[in-house]
1. In the stretch 76-93, what count of residues is obtained for those that are open to solvent by 40 Å² or more (accessible area, probe 1.4 Å), closer than 24 Å to Trp241 by Cβ and more than 22 Å from the chain's Cα centre (by Cα)?
2. Report, by residue number, each residue of the stretch 351-382 that is among the charged types (D, E, K, R) and open to solvent by 10 Å² or more (accessible area, probe 1.4 Å).
3. Please work out if Ser484 is more than 26 Å from Leu376 (Cβ to Cβ), among the hydroxyl-bearing types (Ser, Thr, Tyr) and either open to solvent by less than 50 Å² (accessible area, probe 1.4 Å) or free of Cβ contacts under 8 Å to residues at least 40 places away in the same chain (or both).
4. Which members of the stretch 262-316 meet the condition of being part of a strand (DSSP E or B) and within 30 Å of Ala358 (Cα to Cα)?
5. Among the numbered conditions (1) open to solvent by less than 20 Å² (accessible area, probe 1.4 Å); (2) not in a strand (DSSP E or B), tell me where Ser37 comes up short.
6. Going residue by residue through the stretch 12-35, is there one that turns out to be under 29 Å from the mean Cα position of the chain (by Cα), more than 19 Å from Gln363 (Cα to Cα) and either at pLDDT 95 or above or aliphatic (A, V, I, L, M) (or both)?
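The values are calculated or read from the model by the stated rules, or taken from the named source; none is laboratory data. Just so it is clear, the model here is predicted, and its values are computed rather than measured. Positions of Cβ are backbone-derived with ideal geometry, glycine not excepted, and every protein chain shown enters the neighbour counts. Side chains are part of the model used for accessible areas, which takes the heavy atoms of the whole protein and leaves out ligands, DNA and RNA. Shrake-Rupley method; radii C 1.70, N 1.55, O 1.52, S 1.80 Å.
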Amino acid sequence: MRRSPLLPTLPALVLAFLACADSGAPGSASITQDALSADLHALAADSMRGRLVGTPENAEAGNWIASRFESLGLVPAGDDGYVQQFDMNWFSLGAGNSLTIAGAGGAREPGNGWTPANFAASTSTSGPVVYAGYGMVAPDLGWDDYQGGDVRGKVVLVLDGEPGAADPASPFDGLVTSESGRSWRKAVTASRNGAAAILFVRQNPNPSPDATASSDAWERINTAAWPAQPRRIERLLLADWVNEITIPAAEISVELADALVKGSGRTLAELSEAAERAQHGLGLVDLKGAQASLTTAVDRHVMAGRNIMAMIEGSDSTLRNEVVIVSGHHDHEGADSVDVFNGADDNGSGVVGVMAVARAYAQAAKDGHRPRRSVLFVSWDAEERPELGSWFYTLHPRFPLQQTVAVLNMDMIGRNEEVPADGGGGRFRGLEPQTAESNSNALNIIGSSRTPDLASTIVAENKPFDLTIRLRYDNNESGLLRRSDQWPFLNNDVPAVWFFTGLHPDYHRAGDDADRINYEKMTRVVKLLHAASWTLANADGRPAIEPRGSRPRM
């Protein structure tokens, strides 16, 4: 039967009704499909050139968001008006890098079994070498690979990665790579403990036959780490972190590591197995006679980032000192000589969602309705690098983190999740194939296992919007739990979740355009977040967060 062009189908009427549905949160009616579409088409236009961090177009996007906050009469919450500026470092290889390991020949240049780490300090050192397992310190899990041992003046040899990386029950965030396992964090720990240098080696407890890299492979590794021409998108770290690393740091081959550990009476594989089996950290292992001399020369270049922040001040004289954060990120992947990566879904959708929620709160305030707690609206920068803007905020918060009730983060809320039948490659690692149709009404809440109270609030507020809420992916090989701006807050024990409608084939591709957004569903997602934020900002209590290592896995 052919449908009459004059009469919409029943499903169409239902969807139209749901998109217009409102909760008890004042100002919700101002969140409309038309407004979201207009804003997203502006933010994700070709003229914005993909909003790559550090570019004029990224700055233009930030200025546009700030001007919107100003037009709404929101209170500036940055260090300079609506702007919180932060510094990042990118790196280039200097001259004079050299490594000498006793018993492994003379001085070696980069590419000959080793390469300097990008976060290495430019300095020289020499000293005895000790082995420290994974080189990790995680006090909240009772883990310390140093075990109080003295590494002052010593070169520390550590494994890349973390124990239990393939174990869903690992206390180190299960299948998600934990922050404690990041190499630069291990370098910070070594620096703080007075080590002279840190060396990393990639050695699995059950190594593959090609685990020992040949010198030719190391030439390729070094070239990939330090290309002759600048990358289109540089690898970045927060300057706050890099400034704490004052020692040389380098990745070395299994061959060189074997030469270092032979005085211990055990092989590198045996030491790796011991580090993997340790319950609370391995402690130091004396590598009798092992000596290393190391010079690293790495130039640290500065790039500025800008978070855009505004707020509605709470009405309660006490609770106004607590805050609910509504956030998304405005940076994306920029443009190359052929394509513009407009990032409409990733994450223009989340940013215009933040602006829509801010407009709802501004309208409510004009109508005499203010939340009891303050609400902070943030558009993060450098999320793609990853999460550098939100990590910086956790180091320099507008409100103390202990007074942050919840973070509601929007990132990719405009498309239906779709994982290709062939798995889609590394971008979709760990995700089951699924169609867009099967997720046509679905919303993922990432981080729910860390804060069930917060997830329950969201589920309770969903009734008018009738979204299919899925609490999944927190413990998944995809690492989605750490792939957006809720992650730094969870690592600082702040209840935080990510509103996320899922990956799709246009993720980080040139096809991520504003015309492909499902605005009806996106409107309901934004309204739901607004309703949840209003409830959190007015509740007597606040959501709890589960400690790492003891929470249920989803």
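1. 3
2. Arg359, Lys366, Asp367, Arg370, Arg372
3. Criteria not met by Ser484.
4. Met303, Ala304, Gly305, Arg306, Asn307, Ile308, Met309, Ala310, Met311, Ile312
5. (1)
6. No; the residues of the stretch 12-35 include none that is under 29 Å from the mean Cα position of the chain (by Cα), more than 19 Å from Gln363 (Cα to Cα) and either at pLDDT 95 or above or aliphatic (A, V, I, L, M) (or both).
For every residue, the table says whether it meets (1) part of a loop (DSSP other than H, G, I, E, B); (2) among the aromatic types (Phe, Trp, Tyr).
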residue	(1), (2)
Gln147	yes, no
Glu162	yes, no
Ala166	yes, no
Ala187	no, no
Phe200	no, yes
Ala224	no, no
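Yes/no per residue for (1) out of contact with any Asp or Glu (no Cβ under 9 Å at 6 or more places or on another chain); (2) free of Cβ contacts under 8 Å to residues at least 60 places away in the same chain; (3) of a type in the set (Val, Ile, Thr):
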{"residue": "Ile31", "(1), (2), (3)": "no, no, yes"}
{"residue": "Ala44", "(1), (2), (3)": "no, no, no"}
{"residue": "Arg49", "(1), (2), (3)": "no, no, no"}
{"residue": "Phe69", "(1), (2), (3)": "yes, no, no"}
{"residue": "Phe86", "(1), (2), (3)": "no, no, no"}
